[in-house]
Amino acid sequence: MWSFFERTKGSISVFLILVLMPMYTCVYLAVDTARYTAAETKVNGAMKLTANAALADYDENLKKLYGIFAMSQDEESLIAELSSYFSNMIDTSEVPFISDSFENVVYTEPAEFSAGYMPESSLVNANILENEIRSFMKYRAPLKIAAETAQKLDAFTQMSELAAVFKYGTEYKEALSAADGALIAVFDCFPENSETNVETVKSSLTDALSALPKLEEQLSEISDESEAVSKSISGLDEGETKVLLQSEYGYLINLLSAKGIEMLAAALKDDIQKLETASGIDGGAEELISNLSYFGNDLYKFLSNTYGNTENLVSKDSAENLNSNLERIASTDLSGLYAICNEQCNYEVSGLIQHSVWQVLYGDTGIPTEPKEDETSQNAESFDFYSDNFASLESLFAELSDKSKKLTQNAYESEYFTEMFARFNTADTEKNLLGIQYGNRNYLLGEAEYIIFGEDWMADNITRSVNTIFAIRLLFNSFFAFSNTEMQKAANAVASTLSGINGLGVLLNKNLLLLTWSMAESVTDISALCKGKSVPIYKNSETWNLDIGSISNALSETVTHDNKETKNTLSMTYKDYLKLFAIAKMYKSGEKEKMMKRAAGVMQINCAQEDAIFDISRCYTKVQLNSSVRVGLHEIDKTEVYGY
């Protein structure tokens, strides 16, 4: 029996070995996996801390001036510092332990490390700069957009269409002046209001009836112009503006048409028939004549108001003086309203950018940025609002009507360009969105205008901005002037006198006077805007500055006329107009990218004034880290990109 047990003595050891081997293997794998996972977590943490160290070393001048984070450290220095930082966190060979019997089971050793900026993350990349601007503005712009920009922008969603109405309307009124002689010929045929003789009245009405075909022939020659006006007005959205323009142009077009002439002819024929029936009858002639139907005809009323208003005619001397003032207004040089900055802004922006970049590469090159010698630059050109500025209005606002509901798409950038970059009329005491006064930092006059319009010579950008605003103000002011009853009466009285002096028709003089009156009002608006004041978008009788006797005040070298109070009216400042232009231009294909690059150029100029070696093309928003870490027999390879 005992021999049996002795022969089976080693069987349990073999069984135990068979059980323990897999168990030890599983434990080893579990420990190794835990160690690898812990090491991987450690590497990830080290990578993030290293990236934070890189991102924390942002360019201080760029952050101070423009609120934008970007790394600008030399790449070799960056790699050396980050490599040392990463190695110190990963290498545990020098880590002391409490007891010699304790073994570091998560031993890590750096095998390889490299770092570098992402070339496509440079701030000269328009998309990158746009993202940084949006990051800066997303907590600053929404309230301003909701409270100000959106409401004001709504008034300009049809600016392109309104510019077309003004253009075609002006052409129509110019063409209509050619029919002035035929209109006078018809009106002169009508009898005096005091005439009571039936035969005389009948003869006069017969003459007027016979003169109508000639008038109809004259008006038929301007049918294309009238059709263009009607078509442009019909393209407007329903609203107060469309109703106003229909009452101004639509009424006149319908009146001076074949249908309007036909209605007057019908009234005259009816009255002639009445007078023939009454011939030879004694008594009642005066009452019959006073009740003739042509008195109620709209075309006759128009002729009477235009050519028969002799009670309020101004004197010849006053009319000649006014005519002289009108000629002076027509040649107004708007650059005189911002002449204070002409010398300071007469330089080439690209020259300054080139100088600041070349200074980084080669030291001070002394690249000249002398004033522009060409005396025929845009500043000196006369203001042609027909062919130049109203055409540019149509082009500038062409995309706005369809995309105005997507306001926030470009509003962040618009706010940034106008709030963080100086205008030509920016005061030293004015603060940007960072709360820094412009007097306490480097800036150029007209930065915002350059970013928006992109003319290389800074002064030309200011000229384009002011001329565009003038065209807008003339557009809105003209709509009011041509529809205001009191202004129409005053203009008609002066025009009647002027027609006897200059030989032009009453209609032409009247339209010229109203247009020039609107120009004079626009000059005062520009003067106020250049001084930083606000001007109502839509004028009314209370906010209109110039009466007929004050036009000459707008001709002084420096306009001193104070704009009326703009309480409870939707008003805009010069800066608001720049925001509008920026939003409108960015809807055009490729314009936003160009504006971003110009903004980067201005940043380069101003930051280089603080730091001579600043180079915005070497300012990056993303860094790539590559690491290889040994953990026992394993290696952990990581490649990550970090950015702001």
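What percent of all Cα-Cα pairs in segment 562-644 falls into each 10 Å bin, going from 0 up to the bin containing the maximum distance?
Calculated P(r), rounded to whole percents: 12, 20, 22, 19, 13, 7, 3, 2, 0.
Out of every Cα-Cα pair in segment 180-315, what percent are more than 18 Å apart?
Beyond 18 Å sits 60 percent of the P(r) for segment 180-315.
Specify the inter-centroid distance of segment 485-501 and segment 254-274, based on alpha-carbon positions, in whole Å.
Using only Cα atoms, the two centres lie 26 Å from each other.
Please compute P(r) over all alpha-carbon pairs of segment 194-244, binned at 10 Å starting from zero, and give each bin as a whole-number percent.
P(r) for segment 194-244, in whole percents per bin: 20, 24, 21, 20, 14, 1.
In what sequence, highest mean first, do 481-487, 466-472 appear when ranked by Cβ atoms within 10 angstrom?
By packing density, highest mean first, the sequence is 466-472, 481-487.
Give, in whole angstrom and from largest to smallest, the semi-axes √(5λ) of the equivalent ellipsoid of segment 30-83, with λ running over the eigenvalues of the Cα gyration tensor.
They are 34, 12, 5 Å, listed largest first.
Provide the packing ranking of 251-261, 193-203, 127-137, 439-449, i.e. peptides ordered by the mean count of other C-beta atoms within 10 Å per residue, highest first.
By packing density, highest mean first, the sequence is 439-449, 127-137, 251-261, 193-203.
State which entries of Lys202/Lys259; Lys431/Lys531; Lys167/Lys242; Lys510/Lys533; Lys431/Lys588 exceed 26 angstrom in Cα-Cα distance in the structure shown.
Over 26 Å Cα-Cα: Lys510/Lys533; Lys431/Lys588.
Taking Cα pairs under 8 Å and at least six residues apart, what relative contact order does segment 570-640 come out at, in percent? Mind showing how you got there, number by number?
Values: 32 pairs, mean separation 10.2, N = 71.
After rounding, I find 14 percent.
Based on the mean of other Cβ atoms within 10 Å per residue, sort peptides 519-527, 39-47 so the most packed one is first.
Going by the mean number of other Cβ atoms within 10 Å, highest first, we get 519-527, 39-47.
Rg to Rh ratio, segment 415-529, alpha-carbon atoms and Kirkwood radius?
1.21
Since every read-out is calculated from the coordinates, none of them should be taken as a lab result. What you are looking at is a predicted structure, and each value in this text was computed from that prediction instead of being measured. No Cβ is skipped: glycine too gets one built from the backbone with ideal geometry, and neighbour counts run over all protein chains shown.
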